[in-house]
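Sharing a structure below in structure tokens format, with a few things to ask.
The values are calculated or read from the model by the stated rules, or taken from the named source; none is laboratory data. All values derive from a computational prediction rather than experimental measurement. Cβ coordinates were reconstructed from backbone atoms using ideal geometry, including for glycine residues, and neighbour counts include every protein chain displayed.
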Amino acid sequence: MYGEGFSHYSRILPDVTGLRQVPVRNRSGFIERAVWDEYYVRNWSIWLDLYILARTVWVVLRREGAY
């Protein structure tokens with residue numbers, strides 16, 4: 001199901017947050033989630049991680065995308 005992106009997807013470990021949780025939260029399907037995870041692996045940097053953490057705090061406080 002992951003297609004060519006599986007080698008990238010399998011390199012990331014489960015964690016508290018991720019790039020997908022910032023813009024789309026629970027509104028994404030499996031394929032979109034895999035695309036976001038592959039993008040993260042291909043473009044990783046400490047700045048991207050800091051951005052994700054800052055945005056995660058923001059969306060949690062604003063309750064964006066929460067049920």
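Which numbered condition in (1) modelled with pLDDT of 75 or more; (2) surrounded by fewer than 11 Cβ atoms within 10 Å (Cβ to Cβ); (3) small (Gly, Ala, Ser); (4) in contact with a helix residue (DSSP H, G or I) (Cβ under 9 Å, 6 or more places away or on another chain) is the only one that ALA34 fails?
ALA34 satisfies all of (1) modelled with pLDDT of 75 or more; (2) surrounded by fewer than 11 Cβ atoms within 10 Å (Cβ to Cβ); (3) small (Gly, Ala, Ser); (4) in contact with a helix residue (DSSP H, G or I) (Cβ under 9 Å, 6 or more places away or on another chain) except (2).
Then there's this: Pairs, please: C-beta under 8 Å, at least 6 apart or cross-chain, first residue aliphatic (A, V, I, L, M) and in the stretch 5-32, second at pLDDT below 75 and surrounded by 14 or more Cβ atoms within 10 Å (Cβ to Cβ)?
Hits for this filter: ILE12/GLY18; VAL24/GLY65.
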